[in-house]
Every structure is written in C-alpha cells, then in structure tokens.
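Bear in mind that the values in this text are calculations on the coordinates, not laboratory data. Worth saying up front: this structure is predicted, and the values here are computed from it rather than measured. Here the Cβ positions follow ideal geometry from the backbone for every residue, glycine too, while neighbour counts run over all protein chains shown.
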Amino acid sequence: MGQIFQLGLIGNPVAHSQSPKIFQKFFDNENLPNWNYNLFQLTHIDELPGLLNSYPNLVGFNVTVPFKQAIIPYLNSISDAAKEMNAVNTVKVFRENGDFFLEGHNTDYYGFLETVNKLPSKPFKAVILGNGGSANAVKAVLNLLNVPFTVVSRNPTANQISYGGLLDLTFHEPTLIVQTTPVGMHPNIDVSPIFPFQHLNENVMAIDLIYNPEETLFLKQFKNQGCFCLNGSLMLQKQAEMAWTIFKNNEKN
C-alpha cells in the first residue's frame, strides 16, 4: 500500500462529525486506499503538539469549535483570508527532519457562500447569533454581498448587542438569521438559542450552521412560522471539498 496519509478533525466535541464519511468518499472516488480520516477530541489546544508527534503520518487536519481561533498561535503561516477572518478551520502539515510546519486556511468562507447562494432572495439585512470563528466567516461573506448585519453575543462588545436586545428586533423586510453557536447540536438537541420567535414572519430566512441534527429545535421554530430554512450540511460539504484540495497540495503557500 505504501505510505499512509492521515487526515483528521480536532475539536470538542467531535463524535457527531460527518467529516470522516465525506472524506472517505473523496478517497474512494480517487482510488486512494492509503488515505484515512480520524477524529481527535482535544480538551485544550495545547494538546496539539503531542497529537502531531503521536501521528507522524498526519498531513493535515480540520478544526472545529472551540479551536478555530485558538489554533492561530500554533501556526507557522496563515492565508490572507484566514488572517482577515481571524479564524482557521483547515491546517496543512508539512514535516521535515522531525519538525512540522503548520499552514492555516479558512474554507468555511467558501462553504457559507455556497449556502447563501441557495436562499430564495438576497436579504436586506442579517442577524448573526454568536461571535466565534464560524461567525467570522459568515461576516466576511455578508460583507462581500453588501448585506449589513448585526452580531448578537452573550458577551457583547462594540457594535454588538446582547441576547436581551433581540426582543427589540422586527422583521419588516427580507432578513437573514444565521445561528453560528453550538447550542442545539447533538447530543443536546432539546435546547435552542434565545430568540424572539413570536416576531417571525415570512420575510425571515434562517441558516443554522449545525448539521447534526438535520433540523435543530432552533430551525423548527422558524419553520413553524413559515420561514425558509437551511442547515449546515451544504456548508460542511463545500468547505470539505476545498479543504481536500488544500490537503492534496504538497507545496507551501
């Protein structure tokens, strides 16, 4: 079989991830039996060097919550897009003489752009729930599309509002709500971010970046009000396709 090429996902939790299945399809389609993909649940990002030393065939890995920003100090280089978003979800590993060189990228941007293209119409404005690494990719896409947005955070800073401020939202024009937090993700499927669901109407479109379960409690409440809804499945697939292209590239950028 020759050299084994290892890929994986770091995060916490990771057991719910569909990435191994997605990448296995890539391997099968290109007849690459010497590639595999594993899940690596880390308690803290400082466990990363030990992981890299324990898996000498690890040539790349994806990054999910809560490490999309915490990974950055460990990188040797970072793409311009990832630097601008201050978030990394794809890391290419180069090895030489026992040392490793980590190159960071962000493919969430591409995945979210593909998802937004599935909306029935362009929103006039958007509300982003959460302000982590995934939210930064959402912001970048909305800026590209010239869609003004408000960020809602549990711990608001400048130009953000708190969850309590959601009660003042009204939806008189096409509005996109993007849920970027892990609240409602498997196995905790019976919880939802706070939101004034009673104010929803058919002007509202919703995207929840969670893909397991396929329909979160959050999305169910939008659907019940006649809103157009999408989950994170397409974003997951498209960001993975871009990541696979990066992993196969043997040259440093």
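Brief remarks follow.
- This model, with +1 at the C-beta of Lys and Arg and -1 at the C-beta of Asp and Glu, gives the chain a dipole about its Cα centre of some 200 debye.
- Between the range 117-136 and the range 23-79, the alpha-carbon center distance in angstrom: 27 Å
- Computed from the C-beta positions of E173 and F100, the FRET efficiency with R₀ = 41 Å rounds to 0.25.
- Gain in span if fully extended, N188 to K125, counting 0.36 nm per residue against the direct Cα distance: 19.7 nm
- Ratio Rg/Rh [Cα only; Rh per Kirkwood] for the chain: 0.99
- Take the Cβ atoms of T43 and K248, set R0 to 25 Å, and the FRET efficiency comes out at 0.25.
- Legend: distances between Cα atoms for K139/K223; K118/K223; K21/K118; K25/K238; K25/K248; pairs beyond 18 Å are K139/K223; K21/K118.
- Computed from Cα atoms alone, the Kirkwood hydrodynamic radius reported for the range 1-147 is 16.5 Å.
- Over the range 109-235: Kirkwood hydrodynamic radius from C-alpha pairwise inverse distances, Å: 14.4 Å
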